1. Take the residues of the stretch 1-32 that are basic (Lys, Arg) and within 12 Å of the chain's Cα centre (by Cα): which is modelled with the lowest pLDDT?
2. Does at least one position in the stretch 51-59 carry a residue that is free of Cβ contacts under 8 Å to residues at least 12 places away in the same chain and part of a strand (DSSP E or B)?
3. Kindly provide the set of residues from the stretch 1-24 that are without any contact (Cβ under 8 Å) to a residue 24 or more places away in the chain and either part of a helix (DSSP H, G or I) or touching a Lys or Arg at 6+ places or on another chain (Cβ under 8 Å) (or both), ordered by number.
4. Looking at Asp35, is it at pLDDT 85 or above and among the acidic types (Asp, Glu)?
5. Would you tally the residues in the stretch 27-60 being surrounded by 12 or more Cβ atoms within 10 Å (Cβ to Cβ), more than 12 Å from Pro8 (Cα to Cα) and charged (D, E, K, R)?
Amino acid sequence: MRHIEDYPGIKVGGHNINNLRYADDTVLIAENEIDLQKLLDVVYSESQKKGLELNSKKTE
């Protein structure tokens, strides 16, 4: 997940924040839909490489 640190997010205290993680949950944060989709694509790709799956139903 280190690959996503350079992607745009929101500025908090001068730091770029594009994800929040707790236990096995991750929240992706972006200023607009296009940046969010790019971030999601990277997370999905990196997760696949590690044999992990995203649970989209958890967000309904």
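1. Taking the stretch 1-32 and keeping what is basic (Lys, Arg), we get 2, 11, 21.
Subsequent filtering for residues that are within 12 Å of the chain's Cα centre (by Cα) retains 2, 21.
Working: Arg2: 64, Arg21: 86.
This residue is Arg2.
2. no
3. Correct list: Arg2, Ile17.
4. On the way: at pLDDT 85 or above: yes; among the acidic types (Asp, Glu): yes.
For Asp35, the condition - at pLDDT 85 or above and among the acidic types (Asp, Glu) - is met.
5. Residues in the stretch 27-60 being surrounded by 12 or more Cβ atoms within 10 Å (Cβ to Cβ), more than 12 Å from Pro8 (Cα to Cα) and charged (D, E, K, R): 1 in total.
The values are calculated or read from the model by the stated rules, or taken from the named source; none is laboratory data. Because the structure is predicted, anything quoted here is derived from the model rather than measured. All Cβ positions, glycine included, derive from the backbone under ideal geometry; neighbour counts span all protein chains shown.
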